[in-house]
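**Q** The structure follows.
The values are calculated or read from the model by the stated rules, or taken from the named source; none is laboratory data. Small disclaimer: the values here were computed from a predicted structure and weren't measured. Cβ: placed from backbone, ideal geometry, glycine included. Neighbour counts: every protein chain shown. Heads up: the accessible areas ignore ligands, DNA and RNA and are worked out on the full protein's heavy atoms, side chains in. Shrake-Rupley method; radii C 1.70, N 1.55, O 1.52, S 1.80 Å.
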Amino acid sequence: MNNFIFENATKVYFGKGCVKEYLACLSSHYGQTVLLAYGGGSIKKNGVYDEVMCSLKKAGKNVIEFSGIMANPTYAKVLEGAKLARENKVDLILGVGGGSVMDCCKAISMAAVYDGDIWADFWARQGIVDFEPLPLGVVVTVAGTGSEMNGGAVITNEDVKVKTGRDYPRCNPKFALMDPAYTYSVPKQQMVSGGFDILSHIMETYFSEPNEENVSDDISEALMRGVIRDLRAAIENPEDYIARSNLMWESTMGENRIIKLGKRMDFECHQMEHQLGAYLDCNHGAGLAVLHPVYYRHIYREGLPKFRKFAVNVWGISSEGKTEEELARAGVEALADFIREIGLPVTLRELGADESTDLKAIADSCNLAPGSYKKMTHEEILKIFQECY
Ligand code: NZQ
Ligand code: ZN
C-alpha cells in the first residue's frame, strides 16, 4: 500500500425510517434557523418533504425554504442560496435530494460566509481557502454521486462554460440520513444513470496505479460486482429493499475516500463528462456511460494487468484460450454490453449533441488527469468525442 492519511467527518444514519427517528434530535444541536434546500419538487410528490418538515417542526425550527435546485447546479443558483442564508442568519443548511442538491448546498455553505469571490478562490484556483463553512446536513433521495460523505461540490459556471468540483473536507456534511426506501420513486432512467455513476467512480479509482495487490482494489472489485448485481435486481423490482439499500451504500463507498486510499486515480472520464455537461447540460451518469467504453478502448493496452483482472474478477470472463490483450478487451466489451442492457445512451447525439456542437472547444476545455494509465492530449479527447458522436 502507498502511504495515506484518512479522515471522514460525516456521521451516517442509514436505513428505513432514519429520518423520522433521528432528524428532530440531530437538528436540535444547531441554532433556530434551518435553510431547507431541495430540487424540482420530487420530494413533495413522494412524501419525503412532509416527513422532513414534520421532524423540523417537532424540533421547533424556523424553516426557510430554498427550492428549484437544478441538475448540474449553477453558480448563479449558489449565489442565490447564499444570499438567502445570509439574510436569514441561517444556523444549519439541510439539503434534501441527490448530488445536485447536496453539491449546491455545500457551495452555499461556503459562499454564505466567504467575503471574497468564492468561484475565483475555490473552484477556479485550488488550495487557497481556509475557513469553516456553515454546517450542513443531508437527506439522500437518490443513489449515485456519493456526495453525502465527502466534501466535493461540482458546480457549473455558465458564464465561463466550466463545470468543476473539488473535495474540501470541511464541506463534508455533519450528518447524512440515508433511507433506501426514499429511492423507490426515482424514475428508472435516473436510477440507472445514478447506478452507472457509482460504477464509474469505482472504475476511475481502480484503473490506476498501484497495480500490485492492494486492499483498495480488492474492495473496489467487490463493490463493482455488487453494483452490477443490485442494478439488475432494482430494474427487475424497483421496490427491492435489499438491492436499493446495497446501491445506496455502494454509492457512498465509491466516493467516501476509502477505496481511494493509496491510489493515484484516473477520473479523466469525469473531466470529459463535466465539460460535456457544461456545454450540453446532459445527465452526468448518462454522459459517463457514453464515454467509458470508448475511453477504455483507447487506454486498456497501457493498463493490461488491471484490465485483465477487471475482466476475470468483475465480469467472470474465463481466461482460457485468450491472450492477455484479448482478455482485457473482453472486459471492456462486457462493460459496453452492460450499458446497453440497462438502457443507457451510447452516443453523444443521445445526450443532445448535434452538428452545431463544437466538439473541439469542449475537448480543448477538458482537464488532463495525471493518474490515468495513458496521459490524454486534447487531440485524443477530440477523437474520443468523435467516436462517441
Ligand atoms: O429535482 P427533483 O425534483 O428532486 O428530481 C431529481 C432530479 O430530477 C430526481 N430525484 C432525486 N431523488 C428522487 C428523484 N425523483 C424521484 N424520487 C426521488 N427520490 O433525480 C433527478 C436527478 O437528481 P440529481 O441530484 O441531479 O442527480 P445526481 O444525484 O446524479 O447528481 C448529479 C450531480 O452531482 C454531480 C454531477 O456532476 C451532477 O452535477 N457529482 C457530484 C459528485 C460529488 N459531490 O462527489 C461526484 C460525481 O462524480 C458528480 O460529478
Ligand atoms: Zn460521477
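**Q** Summarise the accessible area of the chain (1.4 Å probe, protein heavy atoms) by the percent that is carbon and sulfur.
**A** On the way: 7890 of 15690 Å².
Looking at the chain in its full context, I get 50 percent from C and S.
**Q** Which of the listed residues, MET224, GLY95, LEU35, is farthest toward the dipole's positive end in the chain, when Lys, Arg count +1 and Asp, Glu count -1 at the beta-carbon?
**A** My answer, from the dipole projection, is LEU35.
**Q** Tell me the per residue accessible area of the chain using a 1.4 Å probe; a whole number in Å² is fine.
**A** On the way: 15690 Å² over 389 residues.
Value returned for the chain: 40 Å² of accessible area per residue.
**Q** ASP167: accessible area at probe 1.4 Å, nearest 10 Å²?
**A** 70 Å²
**Q** Taking the Cβ of GLY262 as the centre, find all other residues whose Cβ is under 12 Å away and add up their charges (Lys, Arg: +1; Asp, Glu: -1). All intermediate terms of the calculation are to be shown ahead of the outcome.
**A** Working: positive: ARG257, LYS260, LYS263, ARG264; negative: GLU209, GLU212, GLU213, ASP217, ASP218.
Counting the neighbours of GLY262, the net charge comes to -1.
**Q** Could you tell me how many degrees, from 0 to 90 and to the nearest 10, lie between the Cα long axis of helix 99-111 and the main elongation axis, the longest principal axis, of the Cα atoms of the chain?
**A** Between helix and principal axis, roughly 60 degrees.
**Q** Out of residues 5 or more away from GLU65 or on other chains, whose amide H comes under 5 Å of its own, with H placed 1.01 Å from N in the peptide plane?
**A** LEU36
**Q** Given the protein chains as shown and a 1.4 Å probe, how many square angstrom of CYS54 are accessible, to the nearest 10?
**A** CYS54 has an accessible surface of roughly 90 Å² with all protein chains in place.
**Q** A further question follows. Do any GluC sites (Glu not before Pro) in the stretch 277-381 lie in a loop, going by DSSP, with at most 14 other beta-carbon atoms within 10 Å of their beta carbon, and if so which? Display every interim value, and only then the final one.
**A** Values: sites: GLU302, GLU320, GLU324, GLU325, GLU326, GLU333, GLU341, GLU350, GLU355, GLU379, GLU380; in loops: GLU320, GLU355.
Answer in residue order: GLU320, GLU355.
**Q** Based on the alpha-carbon gyration tensor of the chain and its eigenvalue square roots a ≥ b ≥ c, which shape applies: rounded if a/c is under 1.5, prolate if not and a/b is larger than b/c, or oblate?
**A** Values: a/c = 1.76, a/b = 1.46, b/c = 1.20.
Cα axes put the chain in the prolate bin.
**Q** Which sequence of TRP123, TRP315 reflects their accessible areas, 1.4 Å probe, from the largest down?
**A** TRP315, TRP123
**Q** Mind checking which lysines have their Cα closer than 25 Å to the Cα of LYS188? Skip sequence neighbours fewer than 8 apart in that chain.
**A** LYS16, LYS44, LYS45
**Q** Same structure again: Among ALA286, TYR206, PHE175, flag the residue with its Cα farthest along the positive direction of the charge dipole of the chain, charges on Cβ as +1 for Lys/Arg and -1 for Asp/Glu.
**A** PHE175
**Q** In the chain, what percentage of the DSSP-assigned beta bridges are antiparallel, given to the nearest 5?
**A** Values: 4 of 28 bridges.
Roughly 15 percent of the DSSP beta bridges within the chain come out antiparallel.
**Q** Still on this structure, please answer the following. What does the charge dipole of the chain about its Cα centre add up to, to the nearest 20 debye, if the Cβ of each Lys and Arg holds +1 and the Cβ of each Asp and Glu holds -1? Don't jump to the answer; show the numbers that get you there.
**A** Working: 41 positive and 53 negative charges, 177 e Å.
So the magnitude is around 840 debye.
**Q** Which peptide among 190-203, 75-88 comes first, and what is the full order, when sorted by highest mean count of other Cβ atoms within 10 Å? Intermediate results must be reported in sequence, preceding the final value.
**A** Values: 190-203: 25.1, 75-88: 18.6.
Answer by packing, highest mean first, reads 190-203, 75-88.
**Q** Compute the Cα gyration tensor for the stretch 284-389, then decide on rounded, prolate or oblate, letting a ≥ b ≥ c be the square roots of its eigenvalues: rounded whenever a/c is under 1.5, prolate when a/b is larger than b/c in the other cases, and oblate in all that remain.
**A** Cα axes put the stretch 284-389 in the oblate bin.
**Q** Continuing with this model, one more query. Any of LYS11/LYS106; LYS306/LYS360; LYS11/LYS57 with alpha carbons more than 26 Å apart? Name them for me. Provide the component values of the computation, followed by the final result.
**A** Values: LYS11/LYS106 16 Å; LYS306/LYS360 31 Å; LYS11/LYS57 22 Å.
Table pairs above 26 Å Cα-Cα are LYS306/LYS360.
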